[in-house]
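Visitor: Once you've had a glance at the structure underneath, I'll fire off some questions.
Read-outs: derived from the displayed coordinates by stated rules, not from any lab. Keep in mind that this is a model prediction, so the values were computed, not measured. So basically every Cβ, Gly included, is an ideal-geometry build from the backbone, and we count neighbours across all protein chains shown.
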2 protein chains.
Amino acid sequence: MWRIYQFPLCPFSRKVRLLLSEKGVGYELWRADPWNADDEFWAMNPAGRTPVLHDPDKKVSLSDSRAICEYFEETVDKAPMINGTAANRAEIRRLVALFDENFFGDVTMPLLHERMKKRLILRQPPDSRVLREAMKLAHGHLDYIDWLVDTRPWLAGPQMSLADLALAAQISVADYLGGIDWDGHEQARSWYAVFKSRPSFGPLLSERMEVIQPPSHYALLDD
Amino acid sequence: MWRIYQFPLCPFSRKVRLLLSEKGVGYELWRADPWNADDEFWAMNPAGRTPVLHDPDKKVSLSDSRAICEYFEETVDKAPMINGTAANRAEIRRLVALFDENFFGDVTMPLLHERMKKRLILRQPPDSRVLREAMKLAHGHLDYIDWLVDTRPWLAGPQMSLADLALAAQISVADYLGGIDWDGHEQARSWYAVFKSRPSFGPLLSERMEVIQPPSHYALLDD
């Protein structure tokens with residue numbers, strides 16, 4: 001069985017877990033904190049990042065969350081998530097990159113730094129200026145999501161795709177860390193509410209990072 | 001014909017140009033500076049980054065360099081660059097991500113900031129501490145490249161792949177900006193020398209960014 005080396009608030013691990021669940025691929029969670037990575041972890045992934053997937057029976061290791069998703073898309077027929085014409089597939093991958101890089105860099109990463117790393121590792125208080133800036137940038141991203149939801153059934157087109165999984169993973173971490181304010185974003189909120197009630201999402205919503213608690217609405221399916 | 005919106009020292013545009021040249025796909029260069037992006041550019045790519053590809057006849061726009069490369073890999077049979085088994089393809093994509101994200105973040109991005117943005121836009125002198133740190137991290141990456149070249153014909157396996165193009169693109173920009181010291185990296189140097197003499201590489205080596213000149217060895221094919 002696949003092992004996923006990850007920590008509970010890693011958005012890229014969450015994206016991979018959502019994909020595996022949708023595809024019906026079983027996995028075990030193995031805890032790995034990139035900030036405490038040992039030589040064994042660096043040997044598995046010279047990029048030093050989670051998630052890393054390892055199958056001890058097949059002796060296969062995979063890293064980089066987009067490479068991992070492409071691997072399962074190519075090897076498991078169920079629930080295709082990078083589908084359609086080449087142009088459709090380019091649109092899915094463009095949005096995955098937008099969420100993995102821009103949403104993460106603008107919103108999820110500063111929240112993880114201020115509210116997780118500073119608390120657990122650096123033992124410093126969060127910088128409220130950085131948190132305000134992340135929440136401001138989150139509104140800009142949510143404006144764009146509102147527009148996508150207004151114009152398409154799913155974020156990248158007519159079908160649910162890896163773009164939906166990638167954004168849901170980022171938002172779930174940002175929401176856990178108190179960084180999402182849905183005010184004025186009804187379309188994005190309704191898209192996320194549908195997503196939260198999918199069976200693949202349940203395990204993420206019930207998982208907790210030590211010490212850090214999510215806001216009370218985090219795991220509610222109607223909020 | 002495809003238009004590539006880019007600036008001469010964008011490593012991701014260079015990766016895409018190498019791929020298109022290897023595949024024999026024609027293109028025109030259109031200058032776009034992300035730091036001066038206008039509304040038209042933001043409309044083409046909400047991530048605000050180069051390259052953006054646009055075909056005015058087909059009315060197709062593509063952005064995110066990895067999504068663009070996958071698009072041409074799927075639509076042009078010549079010179080496959082993401083090839084082999086699913087595990088081979090995962091290894092190619094893992095290395096592309098390592099070079100696009102880690103090499104770029106550790107080496108190319110700080111060099112671009114200190115030696116291009118500060119000179120052209122911010123009108124500040126470079127920070128020698130940042131430059132030293134980037135060159136130190138470059139040595140770590142080149143150690144890993146030496147090891148790959150020692151163990152495989154090309155970086156990701158038996159065939160030239162997108163991993164080679166991605167690293168060559170990053171190194172060419174870092175080398176232009178004086179950030180590559182090959183001392184102690186004979187394997188990586190010999191791999192890059194082979195690459196520099198490919199026809200696809202010529203146009204990159206002859207192109208210049210305004211004001212900023214590369215070191216004298218930059219375009220020499222035997223150095």
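Visitor: Please state the Cα pair-distance histogram of the stretch B:1-43 with 10 angstrom bins from zero: what percent is in each bin?
Guide: 26, 53, 19, 1
Visitor: Normalised by the residues of chain B, what does the relative contact order come to in percent, with Cα pairs under 8 Å and at least six apart? Working shown, then result.
Guide: Details: 283 pairs, mean separation 48.5, N = 223.
That works out to 22 percent.
Visitor: Right, another one. Grab the residue from chain B whose Cβ hugs the B-to-A rotation axis most tightly, plus its distance in whole angstrom.
Guide: Measuring from each Cβ to the axis, the minimum is at B:Arg66, 4.
Visitor: Same structure, new question: Assuming a ≥ b ≥ c are the square roots of the Cα gyration tensor eigenvalues, decide whether the protein assembly as shown counts as rounded (a/c under 1.5), prolate (otherwise, with a/b larger than b/c) or oblate. Spell out each step's value before the answer.
Guide: Numbers: a/c = 1.42, a/b = 1.41, b/c = 1.01.
Rounded shape, in that the Cα axes give a/c under 1.5.
Visitor: What residue among B:Ile121, B:Ile171, B:Ile82 has the largest mean-square fluctuation in a Gaussian network model of chain B, using Cα springs under 10 Å?
Guide: Judging by the Gaussian network model, the answer is B:Ile121.
Visitor: Suppose we keep just the DSSP beta bridges with both residues in chain B; what percent of those would be antiparallel, to 5? Each step should come with its number before you reach the end.
Guide: On the way: 8 of 13 bridges.
Counting only bridges with both partners in chain B, antiparallel ones make up about 60 percent.
Visitor: Any idea what the relative contact order of the stretch A:2-75 is, in percent, if you count C-alpha pairs under 8 Å spaced at least 6 apart?
Guide: Numbers: 96 pairs, mean separation 27.2, N = 74.
Relative contact order here is 37 percent.
Visitor: Short version: ³J(HN,Hα) in whole Hz for each residue of the stretch A:54-65, in order, from phi by Karplus 6.51 cos²θ - 1.76 cosθ + 1.60 (θ = phi - 60°), x for Gly and Pro, what are they?
Guide: These are the phi-based 3J(HN,Hα) values: 9, 10, x, 6, 7, 6, 10, 10, 10, 9, 6, 5 Hz.
Visitor: Then there is this: Put a dot 7 Å past each Cα toward the Cβ at B:Asn36 and A:Ile121; how far apart are the dots in nm?
Guide: Using points 7 Å along Cα→Cβ, the separation is 3.9 nm.
Visitor: Return the long-range amide H neighbours of B:Trp154 (sequence gap of 5 or more, or a different chain), with a cut-off of under 5 Å between placed amide H atoms.
Guide: B:Gln159
Visitor: Right, here's the next one. Give me A:Leu120, A:Leu155 ranked fewest to most by other Cβ atoms within 10 Å of their Cβ, as a rough exposure proxy.
Guide: On the way: A:Leu120 14, A:Leu155 26.
Going from least to most buried by this count: A:Leu120, A:Leu155.
Visitor: OK, next. Cut-off is 10 Å between beta-carbons; in what order do A:Lys117, A:Lys78 appear when sorted fewest neighbours first?
Guide: Numbers: A:Lys117 14, A:Lys78 10.
Lowest to highest Cβ neighbour count: A:Lys78, A:Lys117.
Visitor: Now for a separate question. Can you give the Rg to Rh ratio of the stretch A:164-223, both from alpha-carbon atoms, with Rh computed by the Kirkwood formula? It would help to have the intermediate numbers written out before the result.
Guide: Values: Rg = 10.9 Å, Rh = 11.8 Å.
On the Cα set of the stretch A:164-223, Rg over Rh gives 0.92.
Visitor: Per-residue HN-Hα couplings for the stretch A:140-146, Karplus 6.51 cos²θ - 1.76 cosθ + 1.60 at θ = phi - 60°, whole Hz, x for Gly and Pro?
Guide: Once rounded to whole Hz, the list reads x, 5, 5, 4, 5, 5, 3.
Visitor: Determine the principal axes of the Cα atoms in the stretch B:9-105, then give the extent along each, sorted from largest to smallest and rounded to whole angstroms.
Guide: Here the Cα extents, ordered largest to smallest, are 42, 34, 20 Å.
Visitor: Residue by residue through A:67-77, how many Cβ atoms from other chains fall within 10 Å of the Cβ on average?
Guide: Mean partner shielding for this stretch: 4.
Visitor: Along its principal axes, what span do the Cα atoms of the stretch B:97-198 show, with the longest given first and each in whole Å?
Guide: Principal extents (largest minus smallest coordinate, Cα): 46, 24, 23 Å.
Visitor: Further question on the same structure: In terms of Cα to Cα distance under 15 Å, which aspartates and glutamates are near enough to A:Lys118, apart from those fewer than 8 places away along the same chain?
Guide: Candidates past the 8-residue exclusion: A:Asp33, A:Asp127, A:Glu210.
Visitor: Please list, in chain and number order, the residues 5+ apart from A:Val52 or on another chain whose amide H is under 5 Å from its amide H, with Hs placed from the backbone.
Guide: Distant-sequence amide H within range of A:Val52: A:Tyr5.
Visitor: Also, I was wondering about something else. I'm checking a number: the convex hull volume of the Cα atoms of the stretch B:99-142, normalised per residue, in Å³. What is it?
Guide: Values: hull volume 2.3 nm³, N = 44.
Spread over its residues, the Cα hull of the stretch B:99-142 gives 53 Å³ apiece.
Visitor: Which is farthest toward the positive dipole end of the protein assembly as shown among A:Leu29, A:Leu177, A:Ala97, measuring Cα position about the Cα centre, with Cβ charges +1 (Lys, Arg) and -1 (Asp, Glu)?
Guide: Result: A:Leu177, furthest along the dipole toward the positive end.
Visitor: Over the stretch B:69-151, what is the mean sequence separation of C-alpha contacts under 8 Å (at least six apart), divided by residue count, expressed as relative contact order in percent?
Guide: On the way: 33 pairs, mean separation 17.8, N = 83.
The value is 21 percent.
Visitor: In the stretch A:96-160, what GluC sites (Glu not before Pro) fall in a loop by DSSP, with at most 13 other Cβ atoms inside 10 Å?
Guide: Numbers: sites: A:Glu101, A:Glu114, A:Glu133; in loops: none.
Answer by residue number: there is no such site.
Visitor: Where the centroid of each part is defined by its Cα atoms, how far is the stretch A:133-187 from the stretch A:29-44 in Å?
Guide: 30 Å
Visitor: Taking a threshold of 32 Å on the Cα-Cα distance, which of the pairs A:Lys15/A:Lys117; A:Lys58/B:Lys58; B:Lys15/B:Lys136; A:Lys117/B:Lys136; A:Lys23/A:Lys136 fall above it?
Guide: Numbers: A:Lys15/A:Lys117 21 Å; A:Lys58/B:Lys58 44 Å; B:Lys15/B:Lys136 24 Å; A:Lys117/B:Lys136 26 Å; A:Lys23/A:Lys136 35 Å.
Pairs exceeding the cut-off: A:Lys58/B:Lys58; A:Lys23/A:Lys136.
Visitor: Of the options A:Leu122, B:Pro56, A:Met44, report the single residue whose Cα projects farthest towards the positive end of the charge dipole of the protein assembly as shown (beta-carbon charges: Lys, Arg +1; Asp, Glu -1).
Guide: Looking along the dipole axis, the top candidate is A:Leu122.
Visitor: Further question on the same structure: When all alpha-carbon pairs of chain B are counted, what percent fall beyond 30 Å?
Guide: Values: 5082 of 24753 pairs.
Here the long-distance tail beyond 30 Å is 21 percent of all Cα pairs in chain B.
Visitor: Please find, in a Gaussian network model of chain B (springs between Cα atoms separated by less than 10 Å), the residue of B:Glu28, B:Glu40, B:Glu74 whose mean-square fluctuation is greatest.
Guide: Evaluated over chain B, the most mobile residue of the options is B:Glu40.
Visitor: Moving to a separate point now. Of the candidates A:Met160, A:Met209, A:Met109, which one comes out as most mobile in a Gaussian network treatment of chain A with C-alpha springs shorter than 10 Å?
Guide: A:Met209
Visitor: Also, quick follow-up: If the only charges are +1 at each Lys and Arg Cβ and -1 at each Asp and Glu Cβ, what is the size of the charge dipole of the protein assembly as shown around the Cα centre, to the nearest 20 debye?
Guide: Numbers: 54 positive and 64 negative charges, 50 e Å.
Once rounded to the nearest 20, the dipole reads 240 debye.
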